[in-house]
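Accompanying notes for the structure given below.
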Amino acid sequence: MRQPGPTIGPDAFLAPEHKVVLAGDTEEARAIGRQTLEMYLSLKNALANWKRMGFSDEDLAKPGSDRLVDAVVAHGTADAVAARAKQHLDAGADHVPLQVLTSPDKLVPALAEPAGPLGLQ
């Protein structure tokens, strides 16, 4: 069981959502990620959170720096995406929901891909 941090209590359930693009081409994955991040780059609360995490005004200027996109959108192979999810679990998350960014006709196969490396099949 995770030890409570200074800002969450012992009964807290920590579930950081992570956006995911299953694509071998980094530029393609970043382009897909930027489409989703565009909305967040207009939200004051998202910008303030990212600044607290160490991102600069340059990182947060539309369409978002590669550094920001790579941090917020896990991309690559199913194994690479699973490794990013496991980082959250290793850091104390109870659950890591994956938001797979893809077209609706590819969603079910894309959801199944990281299941194997995550030990869910």
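Bear in mind that the values in this text are calculations on the coordinates, not laboratory data. Just so we're clear, the structure is a prediction, and the values are computed from it rather than from any experiment. Cβ coordinates were reconstructed from backbone atoms using ideal geometry, including for glycine residues, and neighbour counts include every protein chain displayed.
Step through the table entries 19/51; 44/106; 62/86, compare each Cα-Cα distance with 25 Å, and write down the pairs that go over it.
Beyond 25 Å between Cα atoms: 44/106; 62/86.
How much length would be gained if the chain were fully extended between residue 71 and residue 83, taking 0.36 nm per residue of separation minus their Cα-Cα distance, in nm to one decimal? Show your work: numbers first, answer last.
On the way: separation 12, 0.36 × 12 = 4.32 nm, distance 1.31 nm.
Fully extending the segment from residue 71 to residue 83 adds 3.0 nm.
Between the DSSP loop rule and a limit of at most 14 other Cβ atoms within 10 Å, which GluC sites (Glu not before Pro) in the range 1-82 are left?
17
Using only the alpha-carbon atoms of the range 18-115, report the extent along each of the three principal axes, biggest first, to the nearest angstrom.
36, 31, 19
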